[in-house]
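The block underneath contains the structure these notes are about, expressed in structure tokens.
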Amino acid sequence: MMKAVKNIDLNNKKVSIMEYIKLHIQKDGTLPKHLNVNQEYEKCSEEGELHYVDGFLDGGIMYHCSPEEQDPKPLYKVIQLISDDKYDNAELALNEYFYNMTEVQVFSVIDDVQKWILDNRSSLDAQSLVNFAVNELSRSKNVEAIKFSLAVLELFDLSSSKKCTDAIKTLALSNEFTLFCIFAIRNWSNKNDLIFEMAKKVFGWGRIFAVNKLEPTSGTIKKWLLEEGLDNDIMPEYSVLDVAKKIDIANFVKKENLTKTEYKYIGNIIFNLLREGPCPGISELEDKEIMLENYLRQAQKQTNDVEDYDKVLFILWYTDELEGDLKQSTLKKLCKDILSGKQCKKTVESAMRHGTGFKLARYLGINSYKYAVECIQKNPIKHMNLLYIALTDDVETNKKIIKLYEQALPLDKIATGPENTLGFGRKLTPDFMYLGMVLQNLYDYRGVGEKLIECALNSPSKQNRHTALNVIEKWQENGAKISCTLQQAIDRLKNTEVDDELKDRLKKL
């Protein structure tokens, strides 16, 4: 549970970022996963604007693109002011430079600033720089100003300073600051222990950054990387190559006494390596084919469940890309031998009763229609991903299946009138997304689901309305005539639509 915040107006930013973080630390020493420091303290954000999760912008720069160039010279003046003990003027100038925290970021100027300090160290007061930076960590209400201070502290070894160490440990609990906290302790002798501590207490971009910088110096760290290194709230693919290399997956998978638990974790790592996105995966590993062969030989010895068989199927698909590779035929044969066994078929048929195993059923040639229908009948929302199997050429059966969604979704709460609102975000419940997902299955089934389409046309979600029009247009392309009820819904929307792009689409419809 989040700690109660008493007598403090967080909306007016009466507390520093450090104090805000401290007020929300939970009993287990972590922050609530939904806590967004960047959103709380960004000065230029507006009501209803799309916000980034903490660490997103730095993650994009670190993994995908170079930072936009910014003029670092104003920050040289800030450094000089700090050195001259003009702390108030320095803080004012720092906050002015980083006023728009989403557009002006430390990442783009960190190298220039640090180089300037080192080039001018003979004329700068090092103690003043340290004092200002450490104090700024605790008192600042500006996200980038704190990162700037951490970047300055990177030039000094303050591992013996309890005040500095405690401040860095606290800030590192926020995904927004974890990376820069790691930078700040880069030259400390105990940095790896601290990074490991950080890694265990963050779950978003902070964990991705920490896993990237963590060295596998002990069995404890390697075990944690195997079991939790991919467990982040962003995407496991960002960390999978780091984890694979740091646990030495090629040798790990050769273990004679690989436990079922270890086999599961290794399978998950291999699966994410094969996905190759949004970061490089298995293509960056040496001896990858030997690693896969050893994993498949482990699979022959293990008691596999449907998730394990799914991973074998994924490896089989991957082998199609190994045209001409000497290992291709060996890997294909191993995969097919495992998937053609009686145990695999039995496992898949059992899994389909619970809503899984349908990709495998298609590969094995098992008729999955009745299982898909049964799952949808039990829980339409949970199993809407099976609609592509359950909908067939039988119009009447299709209508019965879609009627389940008309009953399961709160259509009256969704159809509250068109607004300029995206199809996701805090304002809309998951039901709006579920409606869109069901509609995407109706393109080839003329006349099925008109009640859902009518609801979507009157939804505040622009995405719902676009999807509804997409379905109607597809039906028309296939020769269907629009019913009177649906035509009336379209006519009403022409009079109430607020989005210009949708207005244009309605005119052409």
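Which pairs turn up if I take residues in segment 102-122 that are within 10 Å of residue 151 (Cβ to Cβ) and look for partners that are open to solvent by less than 70 Å² (accessible area, probe 1.4 Å) and in a loop (DSSP other than H, G, I, E, B) with beta carbon separation below 6 Å, at least 6 apart in sequence or on another chain?
If the second residue must be open to solvent by less than 70 Å² (accessible area, probe 1.4 Å) and in a loop (DSSP other than H, G, I, E, B), the pairs left are 107/67; 109/70; 109/72; 113/72.
Restricting to segment 69-101, give me the number of residues that are farther than 17 Å from residue 121 by Cβ and of a type in the set (Ser, Thr, Tyr).
Count: 3.
Does segment 381-389 contain at least one residue that is surrounded by fewer than 13 Cβ atoms within 10 Å (Cβ to Cβ), more than 30 Å from residue 292 (Cβ to Cβ) and touching a residue at least 12 places away in the same chain (Cβ under 8 Å)?
Scanning segment 381-389 turns up at least one residue that is surrounded by fewer than 13 Cβ atoms within 10 Å (Cβ to Cβ), more than 30 Å from residue 292 (Cβ to Cβ) and touching a residue at least 12 places away in the same chain (Cβ under 8 Å).
Within 29 Å of residue 319 (Cα to Cα), of a type outside the set (Asp, Glu) and surrounded by fewer than 20 Cβ atoms within 10 Å (Cβ to Cβ): which single residue out of 288, 255, 191 fits that description?
255
Could you check segment 264-295 and list, in sequence order, the residues that are more than 25 Å from the chain's Cα centre (by Cα), at pLDDT 95 or above and of a type outside the set (S, T, N, Q)?
291, 292, 293, 295
Given the structure, is residue 345 more than 31 Å from the chain's Cα centre (by Cα), modelled with pLDDT of 95 or more, crowded, with 17+ Cβ neighbours inside 10 Å and in a helix (DSSP H, G or I)?
Yes, satisfied.
Residues being without any contact (Cβ under 8 Å) to a residue 40 or more places away in the chain and over 19 Å from residue 307 (Cβ atoms): count how many of those fall in segment 224-251.
Residues flagged as without any contact (Cβ under 8 Å) to a residue 40 or more places away in the chain and over 19 Å from residue 307 (Cβ atoms) within segment 224-251 amount to 9.
Being outside any loop (DSSP other than H, G, I, E, B), at negative phi, of a type in the set (D, E, K, R) and surrounded by 15 or more Cβ atoms within 10 Å (Cβ to Cβ), is that true of even one residue in segment 434-449?
Checked segment 434-449: no residue is outside any loop (DSSP other than H, G, I, E, B), at negative phi, of a type in the set (D, E, K, R) and surrounded by 15 or more Cβ atoms within 10 Å (Cβ to Cβ).
Got at least one residue in segment 49-70 being surrounded by fewer than 16 Cβ atoms within 10 Å (Cβ to Cβ), of a type in the set (S, T, N, Q), at pLDDT 85 or above and under 23 Å from the mean Cα position of the chain (by Cα)?
No, segment 49-70 has no match at all.
Restricting attention to segment 417-430, does a residue exist that is over 30 Å from the mean Cα position of the chain (by Cα), crowded, with 20+ Cβ neighbours inside 10 Å and assigned to a loop (DSSP other than H, G, I, E, B)?
Taking every residue of segment 417-430 in turn, none turns out to be over 30 Å from the mean Cα position of the chain (by Cα), crowded, with 20+ Cβ neighbours inside 10 Å and assigned to a loop (DSSP other than H, G, I, E, B).
Could you tell me which of the residues 363, 309 is within 30 Å of residue 377 (Cα to Cα) and open to solvent by 70 Å² or more (accessible area, probe 1.4 Å)?
363
Can you tell me how many residues in segment 366-398 are touching a Phe, Trp or Tyr at 6+ places or on another chain (Cβ under 8 Å) and part of a helix (DSSP H, G or I)?
8
Tell me yes or no: at least one residue of segment 80-101 is in contact with an Asp or Glu (Cβ under 6 Å, 6 or more places away or on another chain) and at pLDDT 95 or above.
yes
Residues that are closer than 24 Å to residue 376 by Cα, modelled with pLDDT of 95 or more and part of a helix (DSSP H, G or I): does segment 471-491 have at least one?
Taking every residue of segment 471-491 in turn, at least one turns out to be closer than 24 Å to residue 376 by Cα, modelled with pLDDT of 95 or more and part of a helix (DSSP H, G or I).
Applying the selection to segment 194-219, what residues are under 17 Å from the mean Cα position of the chain (by Cα), open to solvent by 30 Å² or more (accessible area, probe 1.4 Å) and closer than 19 Å to residue 241 by Cβ?
Within segment 194-219, just 212 meets the criteria.
The values are calculated or read from the model by the stated rules, or taken from the named source; none is laboratory data. None of these values were measured; they are calculated from a predicted model. Backbone-built Cβ (ideal geometry, glycine too); neighbour counts: all protein chains shown. Quick note on the areas: whole protein, heavy atoms, side chains included, nothing else; ligands and nucleic acids left out. Shrake-Rupley method; radii C 1.70, N 1.55, O 1.52, S 1.80 Å.
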